[in-house]
1. Failed condition for Glu112, given (1) under 22 Å from Leu228 (Cα atoms); (2) out of contact with any helix residue (DSSP H, G or I) (no Cβ under 7 Å at 6 or more places or on another chain); (3) modelled with pLDDT under 95, with all others met?
2. Could you go through region 83-99 and let me know if any residue there is hydroxyl-bearing (Ser, Thr, Tyr) and over 23 Å from Ala245 (Cα atoms).
3. Of these, Asp468, Asp464, Asp440, Asp482, which one is closer than 30 Å to Pro286 by Cβ and not hydroxyl-bearing (Ser, Thr, Tyr)?
4. Any chance region 422-444 includes a residue that's on the phi > 0 side of the Ramachandran plot, in contact (Cβ under 8 Å) with a residue 40 or more places away in the chain and not charged (D, E, K, R)?
5. May I ask you to say which residue of Ala331, Ala371, Ala378 is more than 17 Å from Leu294 (Cβ to Cβ) and either aliphatic (A, V, I, L, M) or in contact with an Asp or Glu (Cβ under 9 Å, 6 or more places away or on another chain) (or both)?
6. Assess whether Asp87 counts as being modelled with pLDDT of 95 or more, closer than 24 Å to Gln278 by Cα and surrounded by fewer than 20 Cβ atoms within 10 Å (Cβ to Cβ).
7. Which ranges mark the helices (runs of 4 or more DSSP H) fully within region 190-290 that have 2 or more residues being modelled with pLDDT under 95, closer than 30 Å to Leu316 by Cα and acidic (Asp, Glu)?
8. Any chance you could count how many residues in region 336-350 are assigned to a helix (DSSP H, G or I) and either more than 41 Å from the chain's Cα centre (by Cα) or charged (D, E, K, R) (or both)?
Amino acid sequence: MNIKIYNSFTRKKEDFKPLEEGHVRMYVCGITAYDRCHIGHARSAVVFDAVVRHLRNRGFRVTFVRNFTDIDDKIINRANEEGIACDELVEREIGHFYEDMDALGILRADIEPRATQHIDDIIALIENLISKGAAYEAGGDVYFSVESFPGYGALSGRNIEEMLAGARIAPGELKRSPGDFALWKAAKPGEPKWDSPWGHGRPGWHIECSAMSMKYLGETLDIHGGGLDLIFPHHENERAQSEAATGREFVRVWMHNGFVTIKGDKMSKSLNNFITIQDILEQYHPEALRLFLLSKHYRSPLDYSPEAIGENLAALDRCYNAVAEARRLAAMPVKKKRAVSEKAAAAIEELEGFSEKFSQAMDDDFNTARAIGILFEAVRALNRLNDQAASKPSALYAEPLGEGASAIIQAAAVLGILQQEPEAYLRQRNLEALSEAGLDEKQLLELIASRNAARKEKNWAEADRIRDDLLSKNIVLQDGPDGTTWTAG
């Protein structure tokens, strides 16, 4: 096993070796709790969920920390707009976050700290930075001196001199240089505030992640993740203040997922072109959204459209159908041990090598796009085996059918899909298809009975009319020795 990860800092793939053998310390920036999560938040959550799942599947112990920003200008402004307290808004939106993430099957982080619960840690870190000459107090605010940290800009690839050229200090700010950023903000009337050595105030955005990540994971993290938009200024500032405080490397591997776009434009709340997770899950199965979000490499942009979600839902249906059919055939009481056909033997061989191929794709910078392609190849192989077992039953098929289905489910668990019982999933999908067709089960069974009567009377035109009418509504009839069954198309 050799896991490679693209490091945003070095801009290349590197062999991954955690600081402590077998133990991965991982921190991912969470939400600012002021509004419903959109599909961009979902991508980051699903991507790093798959990272954690794969690392654990490969035998690592992962300590995963994801924070909540629960004090911020956006929170204060939204609370004022709604006429409620900040903590009331925060509790509501963290509740919404859990609703969305639980629906998506996102694993809870091991530790989920909030900024306001770590004020003492934040103050201690700021005092450390002041004592080392990396930060200074000015009028009740405390700023980090960017020029005191020689490596500033290395993560984002920005030149500090170019950044500062032409930059201006906003009215009311007392910082020494335009590039300096706030570690502590003096209290304004009506805002939440905490006591500090510099007077009442609240923490800046960047300092909270440094204080909380180092409290729970130590001074050096193995992996720090987040969206591409966090590289600058958030992660650049985190790195600067953390390393200035400790004198040590803050993060061994920086990971950043790409944007979700709509018609090529970045999705964001500021552009008002975002789609909430709640809205999508009212129309589509959560696993279809997960599959869509993992369908491209995590560093690539991903363009959202309802059609793309629909395509992934159809692919999910095919996976569940293949696994359900394999299990059904494996459980059939077949005594005859007819020799396995060449076609079936090839499918069995492909399924036996599938799990390692899948893991190797994930080992290569968590390449979910390639892993999904390998998963779909395995599903096609399982379907070929299903066909052989159905057309030429043999007791020799039971074991490879069961093992093939299990291997697919186990690999899919790394992606967080195929987590339902196949029969329950397919029944729900069938009921959804019936509802969309404007039918209930009783009406459908009556139509099937009418078609069977027409076939018995050799009224083929009427039988075909009923079948084609249902097919136009995505209801597929299948005639077999045990009668007529139906599935969603």
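The values are calculated or read from the model by the stated rules, or taken from the named source; none is laboratory data. Because the structure is a prediction, the values reported are computed rather than measured. For neighbour counting, all protein chains shown are included, and Cβ atoms are generated from backbone atoms with ideal geometry for every residue, glycine included.
1. (3)
2. So far as region 83-99 goes, yes, one or more of its residues are hydroxyl-bearing (Ser, Thr, Tyr) and over 23 Å from Ala245 (Cα atoms).
3. Asp440
4. So far as region 422-444 goes, no, none of its residues is on the phi > 0 side of the Ramachandran plot, in contact (Cβ under 8 Å) with a residue 40 or more places away in the chain and not charged (D, E, K, R).
5. Just a single option satisfies the conditions, and that option is Ala331.
6. So Asp87 passes the test.
7. Passing ranges: none, list empty.
8. 4
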